[in-house]
Amino acid sequence: MIKFKLNGKEVETSAPPTLRLIDLLRDEFDLIGTKEGCGDGECGACSVMVNNLVQNSCLIPIGAIECADILTIDGYSKTELFKILSDCYSEAGAVQCGFCIPGMVMASAALLSENPNPTEEEIREGISGNLCRCTGYNMIVDAISLAAKKGDGIW
Amino acid sequence: MLNKDISTSVKKKEHDGKVSGQLPYISDVKLDTLLYGVLYRSPVAYGKVRSIQLPPLPAGYEKIGAEHIPGNNFVKILKEDQPIFANEWVNYIGEPMFMLVGPELDILYQLLEQVEVDIEEHQAIFTLKEAIEQKDQAGIFASHEFGEDLDVIQSIEKNAHQVIVEEYETGYQEHVYLEPQGMLGIYKQDEILVEGSMQCLYYVKNALVSALACEDDEVRVIQSPTGGGFGGKEDFPSMMACHVAVAAKVVKKPVMLLFDRAEDMEVTTKRHPAKFKYRTALDKQGNILCMSVELFLDSGANAGLSPVVLQRALLNSAGVYKIPHFHAKGYALKTNTVPNGAFRGFGAPQSFAAIESHMGHISKKANRDSIEYKRNYMVKQGDPTITNGKFKDPVLLEDMIMDLMKVTDYAKKKAEYRSFNQKSNRYKKGIGASFFLHGCGFTGSGERDHIKATVKLAKTENDGVQIKISNADIGQGVLTTMSKIVAKELDLPYEDISFPYPDTKVVPDSGPTVASRTTMIVGKLLERAAKKLKEQWQSGVAQEVIEHYVHEEMIPWNEEKFSGDAYPAYAWGINFIEVEVDTLTGNVRVEKVYGSFDIGKAIDERIVKGQIDGGLVQGIAYGFMEKMTSKSGRIQQKSISDYGPPTAMDVVHIESKLFDNPYAGGPYGAKGVGELPLTGGAPAVQAAIEDALQISFYQIPVTPEYIIESLMKKAGEALD
């Protein structure tokens, strides 16, 4: 049995320790918000937070998450901070096809919680592990910058 | 009410579902008794299938092959040459031969590895170069020739001061939509339902009717939320739909086919590699006397969409210029490689990269600034097109160029960079520009003769209105823009307009989501439908209105002769790009990007900005970053980082501007915007790198390796 915290709740699984975290989330816990774009840790669509650090869930065998605190978009989207990010993503026009967006939001959240007032360069670096093919990134950069301002003091 | 200017942005219809991750893409769909499919793909580039030996299949696992197809074993795009399951001949590495279906993916992959096939190998054609050399034996899928008589060209060349002969090549481009291809076939008592990631519902439906040899109402297609397309989900999904539909019919269970990234990169369609050969005669002052171009597209193993990609490539072969005595000839050629298909721009990005490069190089020969040189040849309103059509609407290129030259302080910047480059040994700066257009909608009479779009609006008893069209939101904002047009016409709140993901049981065929046609053509039909509904409006009563495409008469298009108006309207654009090149490593840093566009009228400024930014970044990357190659018929880049699309760190803020120029045939004056912004990226970045290094390049992408090679060659020449 592997025990860990998932979106604020203590959970456990009897799945084999070599199973990828993304598969556990999507198949056993039916959390579809975490998307798979490459399975190689290259695109960031499967980004989740593991103990407050953003990670690619396709690269993590679940044997490594014993006792860890996992936050996915499915849980994060119920928070007040998410609402700010969601509004800013909309206002900046940051969402096109949407497939990269849950991962991008998790990367944005991780960046802002570590650095509440990032410069443009820091934002670009912060989301450089998350690919987007639709937007050319600038409107996502704008969204994060806007969220930093709107959520001033609470990140 | 949507009383504001239509261009004022609104929240996108599907925003909440996408940002929270809860809007289900096809890979998010869970069903009981779901089976997966995996495809056995040809390991050989060209050969005759002798035998296929399967390992013993466990209970619940089945092989689905050509023998299970009740109808035609091909997907007809234009020609009947794409087998659904290649059971006699294989024409490229990766061609699907059969499918294994069963409940566990791991077991399916193990079984695939135990399959043994015996294929009699034949001599394959792997490169465009070989295809050009052997084109008469190897296969020409399409060819066209038009323009000035070659006799006239010859006599002009004879008397010319000089004739510039130049070759230019463009490489593959991979779509890298973030969501890999996926399709689900569901067996039902009275129908086969196919759901998946796609741009063109009725292409998929027509392919299914043909493969299943069934009645129209026995198949049904629903678009899932689609994680990016860029043309990659135009023609390709039809094949996958046939795979899952045939399988679902046999096993009487739902069958899902999902590609992983490596499979998606190796076997799905890409942008056609192309080669151009120019002959341009100049007088003493460097003025153009005549120009002839031959262009060749690498179609891959099947015709697919290549004949129409070739048409668009040819139609753009003179760029935005009025060239005296212009002649063009083009071929779509067969090679035993993965079939190439639609990609945002559809042949135009290759042609614009080539003609912009060529015009730039000629201007250098003439010792003139390339922008000033190109402006001498720029088309104006009333000018003929290269097919003797007419640019009947205002052309704002000149205003756009004047404006950006002022904004960039072009002359001053040129001088500054020249002096910077004199002082700096390692880093060199440059500025380059590109001028381009995009013909909106289908080429020629395609809308009238082939597409024949129909749209419906359905009003409920509660006075809500639903849009019924087959056009797919693939991220470009169709759900939102179409809803805005209808809301505005009906004086209803935008929120009262519903636009569910389309289902062929419900929506008529309003045509495919391609060719920068949705806003301009389908949007106009919806505008008219909404006007009609408004006239007939009866509160509390369910009503439905239908509108059909009406052709705007132009100079009639003749495909055989390649003459007449190829498009009803043109969208225009210009880019200025500034770069810094590290001559030690060959790395290019894009420092500034400007774009000005005439797309008629923006239906939603923020959505248009998204199209500009995203398209331009794809176009710039096509020019210097993204490199895909094929070796002995095998795609060499199997992962995203092998290929190298841009990350947020490769991109800078884009200064873009729209020039209003409403087009009477589009809703509120809108023209197409989807493809245009990609087109100018590559030629502008190439021109900027050339300006920085004072070297000419003859292919894209201009990679660091190519830069270093060219610098070494230049240094060698200087020593000689």
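The values are calculated or read from the model by the stated rules, or taken from the named source; none is laboratory data. Just so it is clear, the structure is predicted and the values come from calculations on it, not from any experiment. So basically every Cβ, Gly included, is an ideal-geometry build from the backbone, and we count neighbours across all protein chains shown.
Restricted to helices (runs of 4 or more DSSP H) entirely inside the stretch A:58-155, those with at least 3 residues that are farther than 29 Å from B:V617 by Cα are A:73-76.
Against the numbered list (1) buried (at least 23 other Cβ atoms within 10 Å of the Cβ); (2) not assigned by TED's automatic domain parsing to the domain that holds A:N7, A:I65 comes up short only at (2). Taking A:S113, is it facing chain B (nearest Cβ under 9 Å) and surrounded by fewer than 20 Cβ atoms within 10 Å (Cβ to Cβ)? No, not satisfied.
In the stretch B:260-280, is there at least one residue being part of a loop (DSSP other than H, G, I, E, B) and touching a His at 6+ places or on another chain (Cβ under 6 Å)? So far as the stretch B:260-280 goes, no, none of its residues is part of a loop (DSSP other than H, G, I, E, B) and touching a His at 6+ places or on another chain (Cβ under 6 Å).
Among residues of the stretch A:62-75 being of a type in the set (D, E, K, R) and more than 13 Å from chain B (Cβ to nearest Cβ), the one that is farthest from A:I32 (Cα to Cα) is A:E66.
For the stretch A:92-103, check the following and say yes or no: at least one residue is more than 9 Å from chain B (Cβ to nearest Cβ), crowded, with 17+ Cβ neighbours inside 10 Å and not charged (D, E, K, R). Break it down into steps so the answer makes sense when it comes.
Step one: of the stretch A:92-103, the residues more than 9 Å from chain B (Cβ to nearest Cβ) are none.
No - not one qualifying residue is present in the stretch A:92-103.
Residues in the stretch B:530-560 that are without any contact (Cβ under 8 Å) to a residue 24 or more places away in the chain, under 16 Å from B:A458 (Cβ atoms) and assigned to a loop (DSSP other than H, G, I, E, B): B:Q538 only. Each residue in the stretch A:42-57 was checked for being touching a Cys at 6+ places or on another chain (Cβ under 6 Å) and part of a loop (DSSP other than H, G, I, E, B), and 2 pass. The residue list B:K592, B:K609 contains one member that is within 14 Å of chain A (Cβ to nearest Cβ), charged (D, E, K, R) and in a helix (DSSP H, G or I), which is B:K609.
Hey, any hits in the stretch B:654-661 for a residue that's on the phi > 0 side of the Ramachandran plot and in contact with a Lys or Arg (Cβ under 9 Å, 6 or more places away or on another chain)? No - not one qualifying residue is present in the stretch B:654-661. Among the residues making up the stretch B:37-87, those that are touching a Pro at 6+ places or on another chain (Cβ under 9 Å), crowded, with 20+ Cβ neighbours inside 10 Å and among the small types (G, A, S) are B:S42, B:A86. Residues of the stretch B:612-640 that are more than 10 Å from every other protein chain (Cβ to nearest Cβ), among the hydrophobic types (A, V, I, L, M, F, W, C) and touching a strand residue (DSSP E or B) at 6+ places or on another chain (Cβ under 7 Å): B:F624, B:M628.
Before we move on, is B:G360 in contact (Cβ under 8 Å) with a residue 60 or more places away in the chain, within 30 Å of the chain's Cα centre (by Cα) and on the phi > 0 side of the Ramachandran plot?
Numbers: in contact (Cβ under 8 Å) with a residue 60 or more places away in the chain: yes; within 30 Å of the chain's Cα centre (by Cα): yes; on the phi > 0 side of the Ramachandran plot: no.
Considered against the rule, which asks whether it is in contact (Cβ under 8 Å) with a residue 60 or more places away in the chain, within 30 Å of the chain's Cα centre (by Cα) and on the phi > 0 side of the Ramachandran plot, B:G360 comes out as no.
Filtering the stretch A:116-141 to residues that are surrounded by fewer than 20 Cβ atoms within 10 Å (Cβ to Cβ), within 11 Å of chain B (Cβ to nearest Cβ) and in contact (Cβ under 8 Å) with a residue 12 or more places away in the chain leaves A:E120, A:G129.
Need a quick list: helices (runs of 4 or more DSSP H) entirely within the stretch B:125-232 having at least 3 residues that are more than 19 Å from the chain's Cα centre (by Cα) and among the basic types (K, R). Give the steps one after another, and end with the answer.
Numbers: elements: B:128-133, B:135-138, B:150-159, B:201-212.
Per the criteria, no element qualifies.
Filtered by the rule that a residue be in contact with a Ser or Thr (Cβ under 8 Å, 6 or more places away or on another chain) and farther than 30 Å from B:I635 by Cα, the stretch B:293-323 gives a lone residue, B:G319. Taken together, A:K9, A:K5, A:K78 contain a single residue that is within 12 Å of another protein chain (Cβ to nearest Cβ) and of a type in the set (D, E, K, R), which is A:K78.
Residue-by-condition table, conditions (1) more than 20 Å from the chain's Cα centre (by Cα); (2) charged (D, E, K, R); (3) within 30 Å of B:E560 (Cβ to Cβ); (4) at pLDDT below 95:
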site	(1), (2), (3), (4)
B:A245	yes, no, no, no
B:V251	yes, no, no, no
B:P254	yes, no, no, no
B:R261	no, yes, no, no
B:A274	no, no, yes, no
B:R279	yes, yes, yes, no
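If you check A:N115, A:N52, A:N56, A:N138 for being polar (S, T, N, Q) and touching a His at 6+ places or on another chain (Cβ under 9 Å), only one passes: A:N138. For the stretch B:25-36, filtered to residues that are touching a residue at least 60 places away in the same chain (Cβ under 8 Å), surrounded by 15 or more Cβ atoms within 10 Å (Cβ to Cβ) and of a type outside the set (V, I, T), the residue that is nearest to B:E116 (Cα to Cα) is B:Y36. For the stretch B:216-227, the criterion of being away from every other protein chain (no Cβ under 14 Å), at positive phi and touching a residue at least 60 places away in the same chain (Cβ under 8 Å) is met by none of the residues. A:L146 - would you say it is more than 8 Å from every other protein chain (Cβ to nearest Cβ) and within 15 Å of the chain's Cα centre (by Cα)? Considered against the rule, which asks whether it is more than 8 Å from every other protein chain (Cβ to nearest Cβ) and within 15 Å of the chain's Cα centre (by Cα), A:L146 comes out as no.
Scanning the stretch A:32-42 for residues that are away from chain B (no Cβ under 11 Å) and either free of Cβ contacts under 8 Å to residues at least 60 places away in the same chain or out of contact with any Lys or Arg (no Cβ under 8 Å at 6 or more places or on another chain) (or both) turns up nothing.
Here B:P180 meets the list (1) buried (at least 23 other Cβ atoms within 10 Å of the Cβ); (2) away from chain A (no Cβ under 14 Å) almost entirely, failing just condition (2). May I ask you to verify whether B:I77 is in a loop (DSSP other than H, G, I, E, B), away from chain A (no Cβ under 14 Å) and touching a Ser or Thr at 6+ places or on another chain (Cβ under 8 Å)? Answer is yes for this residue.
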